[in-house]
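The values are calculated or read from the model by the stated rules, or taken from the named source; none is laboratory data. Everything numeric here is computed off the predicted structure, so don't read it as measured data. Here Cβ is always computed from backbone atoms with ideal geometry, including for glycine, and neighbour counts include all displayed protein chains.
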Amino acid sequence: MAEKLQAPRGTFDVLPDSAALRERLLEQVASPLFSQAGYGRIETPTFEDTALFARGVGESTDIVSKEMYSFVDQGDRSLTLRPEGTAPVCRAYVEHGMHKLPQPVKLWYEGPFFRQEAPQAGRYRQFFQIGAEALGSDDPALDAESIVLAARLLERAGAGGTRLRIGSLGSGAERAEYSETLKAYLRENASGLSEDVVARIDLNPLRAFDAKHEGTQAVLAGAPRLLDSISAEDKAHFEEVLALLDAAAVEYEVDTTLVRGLDYYTRTLFEFTSDRLGAQSGVGGGGRYDGLVEMLGGPATPGIGWAAGIERILAAAEAEAPPAQEPAAYVALDEGADRTAAFALLLKLREVHGLAAQIELAGRSMKGQLKSASRLGAKTLVIFGGERGQYDAAVKNMQTGEQTELTGLTAGDYFDRIAEHVLAGVKA
Ligand code: ATP
Ligand code: MG
């Protein structure tokens, strides 16, 4: 036997039960929620120029420095399987001149993302996200609307035990000043910090707040807080966001140490976790990115958005797969039955009468066919027999056991007569 091939490490197949859950999340929860809020759907390519992420997400981030699937194509271009969705959406906003549309432009997306991380429960190398981006306004109401949408999505998806933490990173000079203060503090206390954090003091000092290392956490417990040094304007913006969340009855905790793994955030920053998940408790997160579009070569454009992991939403929802649709009819073939006519009957039931219908496809005996019909939960069983041009059919109501025999079906309308009885059986 040839060597057995497996899906690459950290990836998974979506089989029908799980596909049904995902479909329900997208079609019944996400799609109506977004369209009600005026968000349009966007799909960007699965791969982009590597430079988009290097510039947009930031060279110093884990994503760019360790986790990207980058490759050189036949034309010597460096491409990367997208690790996140915000930079691609901003690229598309600039590329399609969306700044000329009435602002804000509100977009949502769903699809696969790729990061070369150590696979474990809830952490994959290909995973799926639902995300939302709103560009072209820095109104705090846009932040609040975006966060409320994330909260409602999780709620309606049934994700339980969720918690929202929120902070503000401020912007401009105050933020740059704070960065210097923090760098100095970290250098003074470098002996207690992890090597990783020390190595990034200059590059990305804020990320120290994200470290799991105990010594680092102890040092940071006494560190100056960004939230205390943001400008009065940024503070007022943040207060307004919080007031609107209060009005929407969205619960949150202000977290002065919140940082996230992407460089582009400014002002509002937030993260949803669920205590129903294990170590990988983050369900979704996002924030404002007022400098990103400009950094990608577009006009100065504020924006805010978030992304949530579909696998983690479903895990936090502990949802059961919706039952498969029960067929209205199962067409069983009597011995010697005209298979072509039976097949035509099947298609007529489906396509003309709009019924879910199945037919025997594996050559089972009559006993086996009856078993299949009841395993599938078919509402009626059509035993199709007779000879070419001279058909018989027995239509059995599987709930009541009631059976109607139709014999000598010769006229062109025999399919309709069978369908009539199937319909009666379905309604009964
Ligand atoms: P984490 O802290 O778990 O690494 P993150 O901060 O890197 O998450 P984001 O980049 O903000 O995550 O992505 C948003 C969401 O996408 C996360 O909250 C999570 O639900 C999901 N996600 C991120 N990385 C993965 C992954 N490798 N596998 C599965 N889901 C993921
Ligand atoms: Mg991560």
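Some observations on this one:
- Output for segment 334-353, where each listed residue is at pLDDT 95 or above and either in contact with an Asp or Glu (Cβ under 7 Å, 6 or more places away or on another chain) or more than 20 Å from SER372 (Cβ to Cβ) (or both): GLU351
So that you can scan it fast, the table gives a plain yes or no per residue for (1) crowded, with 20+ Cβ neighbours inside 10 Å; (2) touching a residue at least 60 places away in the same chain (Cβ under 8 Å); (3) out of contact with any helix residue (DSSP H, G or I) (no Cβ under 9 Å at 6 or more places or on another chain):
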residue	(1), (2), (3)
GLU351	no, no, yes
GLY354	no, no, yes
SER372	no, no, yes
ARG375	no, no, yes
ASP392	no, no, yes
GLU402	no, no, no
ARG417	no, no, yes
VAL426	no, yes, yes
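- 2 or more residues more than 16 Å from ligand 2 (Cβ to nearest atom) and either touching an Asp or Glu at 6+ places or on another chain (Cβ under 6 Å) or touching a residue at least 24 places away in the same chain (Cβ under 8 Å) (or both): qualifying strands (runs of 3 or more DSSP E) within segment 58-138: 78-81, 105-114, 126-135
- Members of segment 255-307 that are closer than 20 Å to ALA173 by Cα, of a type in the set (D, E, K, R) and more than 16 Å from ligand 2 (Cβ to nearest atom): ARG267, ARG288, ASP290, GLU294
- Answer residue from segment 108-124, given it is farther than 12 Å from GLU67 by Cβ and exposed (fewer than 14 other Cβ atoms within 10 Å of the Cβ) and is farthest from the chain's Cα centre (by Cα) among those: GLN120
- Filter result for LEU149 (under 19 Å from ARG260 (Cβ atoms), more than 27 Å from the chain's Cα centre (by Cα), surrounded by 14 or more Cβ atoms within 10 Å (Cβ to Cβ) and not β-branched (Val, Ile, Thr)): no
- Residue, modelled with the lowest pLDDT, within segment 156-174, restricted to residues that are within 29 Å of ASP234 (Cα to Cα) and either of a type in the set (Ser, Thr, Tyr) or surrounded by fewer than 20 Cβ atoms within 10 Å (Cβ to Cβ) (or both): GLY172
- Counting only helices (runs of 4 or more DSSP H) that sit completely within segment 184-238, those holding 1 or more residues that are without any contact (Cβ under 8 Å) to a residue 12 or more places away in the chain correspond to 195-199, 214-221.
- Within segment 256-279, the set of residues being buried (at least 17 other Cβ atoms within 10 Å of the Cβ), among the charged types (D, E, K, R) and more than 11 Å from ligand 1 (Cβ to nearest atom) comprises ASP263, ARG267.
- Residue list for segment 280-317, restricted to those being surrounded by 24 or more Cβ atoms within 10 Å (Cβ to Cβ) and among the acidic types (Asp, Glu): none
- Among the residues examined, THR11 qualifies as part of a loop (DSSP other than H, G, I, E, B), in contact with a strand residue (DSSP E or B) (Cβ under 7 Å, 6 or more places away or on another chain), at pLDDT 95 or above and not basic (Lys, Arg).
- Of the criteria (1) within 30 Å of PHE384 (Cα to Cα); (2) surrounded by 16 or more Cβ atoms within 10 Å (Cβ to Cβ); (3) without any contact (Cβ under 8 Å) to a residue 24 or more places away in the chain, which one ALA341 fails: (3)
- Boolean, ALA332 is surrounded by 17 or more Cβ atoms within 10 Å (Cβ to Cβ) and either aromatic (Phe, Trp, Tyr) or within 30 Å of ASP413 (Cα to Cα) (or both): yes
- Only one of the listed residues (ALA159, ALA150) is away from ligand 2 (no atom under 16 Å from the Cβ), outside any loop (DSSP other than H, G, I, E, B) and among the hydrophobic types (A, V, I, L, M, F, W, C). That residue is ALA150.
- Residue match in segment 242-253 (condition: more than 18 Å from ALA150 (Cα to Cα), surrounded by fewer than 22 Cβ atoms within 10 Å (Cβ to Cβ) and either free of Cβ contacts under 8 Å to residues at least 40 places away in the same chain or away from ligand 1 (no atom under 16 Å from the Cβ) (or both)): no
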